[in-house]
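Since every read-out is calculated from the coordinates, none of them should be taken as a lab result. Note that the coordinates shown come from a computational prediction; the quantities given were computed from them, not determined experimentally. Quick reminder, even Gly has a Cβ in these numbers, built from the backbone with ideal geometry, and neighbours come from all protein chains shown.
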Amino acid sequence: MTSDSDTRPLAAPDLAQVRRLVTAVPGPRSLELAARRAATVAGGVTSTLPVYVARAGGGVLEDVDGNTFIDLGSGIAVTSVGNAAPAVVAAVAGQAADFTHTCFMITPYEEYVAVCEALARLTPGDHDKRSMLVNSGAEAVENAVKIARRATGRDAVVVFEHAYHGRTNLTMAMTAKAMPYKTGFGPFAGEVYRAPVSYPLREPAAISGPDAAARAIAVIEKQVGADQVAALVIEPILGEGGFVVPAPGFLPALAAWARANGIVFVADEVQTGFARTGTMFACEHEGVVPDLVTMAKGIAGGLPLAAVTGRAELMNAVHGGGLGGTFGGSPVACAAALAAIELYESADLAGAARAIEARMVPRLRALAARTPAIAEVRGRGAMLAIELVRPGTLEPDAAETARIARECAQRGVIVLTCGTFGNVLRFLPPLVITAGLLDDALDVLESVVTGAVVGGQG
Ligand code: PLZ
């Protein structure tokens with residue numbers, strides 16, 4: 001979060017950082033585009049809020065009808081440095097003018113190397129590291145599994161309940177939720193096993209982090225066998241599965257067990273990485289040092305880039321030519337990443353994420369205290385959520401969750417949902433959002449949750 005008086009150029013100066021609705025949502029130009037879309041875009045690709053974007057920056061998105069929305073989604077935790085951040089735009093333009101592509105596997109370039117140097121420095125642990133660059137989070141997860149299998153000579157992959165790891169065949173198998181991600185798309189990749197996670201709100205009885213880890217380990221040892229497991233892949237905070245923060249001690253106990261059994265511990269930091277949770281990587285909150293880290297989303301200020309970084313001996317266990325891809329580590333995406341990483345560090349965006357938490361959590365807790373439907377406020381940094389239930393029960397209320405997201409959008413605030421049960425509202429503002437915008441967004445959220453009628457526009 002930045003203060004309203006901050007003068008750093010974090011967005012185009014002529015894009016006002018205010019919420020302003022001038023038409024119905026969606027407006028007439030968006031409706032025209034929706035009609036064109038229906039005639040040409042595959043129906044399987046849907047959009048949460050069908051307003052067509054014209055410009056975006058800082059904490060706002062402007063649509064083709066001139067409406068300006070407060071962005072509490074960052075394109076799913078991607079534009080953490082702000083959308084079209086001027087430093088990223090300049091880096092992209094400069095690189096695109098020099099060259100747009102060669103294929104790193106054919107003729108390499110410095111930008112790829114520089115990103116790998118930065119990742120070695122930023123990821124947890126001071127061991128010798130190597131990295132590879134790809135295009136998407138799913139591709140990073142696929143490669144982490146390939147590397148772990150090659151390095152260990154084992155086949156099995158352990159994932160967790162409520163996990164989300166992507167939409168490719170292997171990562172669909174690793175993802176927990178059937179609809180919409182898996183239904184009808186099988187058969188899925190084999191040798192993927194699912195263990196129980198730590199979901200404090202939904203445990204039948206309170207269970208500590210280490211005890212929840214022991215419960216998972218017992219399942220793995222009985223149903224798979226520790227010596228069969230190549231990799232244990234886990235999101236340090238569950239993302240699509242509901243922004244669930246495991247009980248303290250869960251991740252360290254799993255990491256220690258993996259280490260003791262020659263299993264590669266992979267932290268999927270695709271959603272949690274890059275300052276989002278108030279530290280550069282979410283594993284740092286519990287001092288966990290993963291063997292491999294998968295990253296994407298926030299890495300490059302909105303350009304498609306993803307990475308696997310890990311212990312040199314694991315990464316280098318793969319034969320030459322065993323890893324790659326035509327576009328992996330695109331020079332334009334790498335230039336964007338170098339600019340974005342410079343911003344994360346120089347603007348202390350991890351500190352900005354903690355400031356967002358400090359500003360949002362007290363208000364969310366106060367709202368929860370007078371709203372029986374809010375079962376929990378949780379998350380870390382600028383990865384926050386509320387879980388909605390039928391009052392007095394733990395029964396998920398997806399309909400109320402969808403209503404709140406829809407009505408927030410109608411009033412100019414973009415809020416995303418998530419969760420296996422579709423009953424979690426998640427907040428992922430750009431880390432450069434102004435305090436004023438954040439307060440305005442919270443006013444709207446409060447009025448929508450409590451059903452209060454307030455002015456629809458800022
Ligand atoms: N691992 C932890 O959160 C992507 C998915 C949106 P890709 N999450 C958003 C959707 O519905 O497709 C994600 C993630 C974690 C892996 C991925 C996959 O990253 O870049 O979408 O492939």
The extension gain from residue 359 to residue 218, computed as 0.36 nm times the residue separation minus the Cα-Cα distance, is 46.7 nm
Residues of segment 51-95 with backbone N under 14 Å of the label point set 7 Å from the Cα of residue 110 along Cα→Cβ are 95
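Once you have the alpha carbon radius of gyration of the chain, what is it after dividing by 2.2 N^0.38 Å, with N set to its residue count?
Details: Rg = 21.6 Å, N = 458, 2.2 N^0.38 = 22.6 Å.
With N residues counted in the chain, Rg over 2.2 N^0.38 Å equals 0.96.
Test of understanding: what is the full-extension gain from residue 127 to residue 55, defined as 0.36 nm times their sequence separation minus their Cα-Cα distance?
The span from residue 127 to residue 55 would gain 21.7 nm if fully extended.
Taking neighbour counts of Cβ atoms within 10 Å as a proxy for exposure, in what order, fewest first, do 203, 240, 400 appear?
By the 10 Å Cβ count, ascending: 203, 400, 240.
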Using alpha-carbon positions, the gyration tensor of segment 88-346 gives root eigenvalues a ≥ b ≥ c; with a/c under 1.5 called rounded, otherwise prolate if a/b exceeds b/c, else oblate, the class is prolate
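Efficiency by 1/(1 + (r/R0)^6): what FRET value for residue 261 and residue 167, r their Cβ-Cβ distance, R0 = 22 Å, to the nearest 0.05?
The pair residue 261/residue 167 has a calculated efficiency of 0.15.
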Close lysine pairs (the chain; alpha-carbon distance under 27 Å; 8 or more apart or on separate chains) counted at 10
Simple SL model, points at 7 angstrom along Cα→Cβ for residue 31 and residue 97; separation in nm is 4.3 nm
Percent antiparallel among DSSP beta bridges confined to segment 88-346, rounded to 5, stands at 40 percent
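How high is the FRET efficiency between residue 366 and residue 24 when r is their beta carbon distance and R₀ equals 25 Å, given to the nearest 0.05?
Details: r = 32 Å, r/R0 = 1.27.
Between residue 366 and residue 24 the formula returns 0.20.
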In nm, the gap between the two label points placed 7 Å beyond Cα toward Cβ at residue 206 and residue 312 is 4.7 nm
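Helix-derived [θ] at 222 nm for the chain: sum -39500 (n - 2.57) over DSSP H runs of at least 4, divide by residue count, nearest 500? Don't skip to the end; give the middle numbers.
Values: 13 runs with 159 residues, N = 458.
Result for the chain, helices only: -11000 deg cm²/dmol.
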Residues whose modelled amide H sits under 5 Å from the amide H of residue 384, counting only those 5 or more places away in sequence or on another chain, are 427
A correct Karplus calculation of ³J(HN,Hα) over segment 15-23, with 6.51 cos²θ - 1.76 cosθ + 1.60, θ = phi - 60°, whole Hz and x for Gly and Pro, returns 9, 4, 8, 9, 8, 8, 10, 10, 9
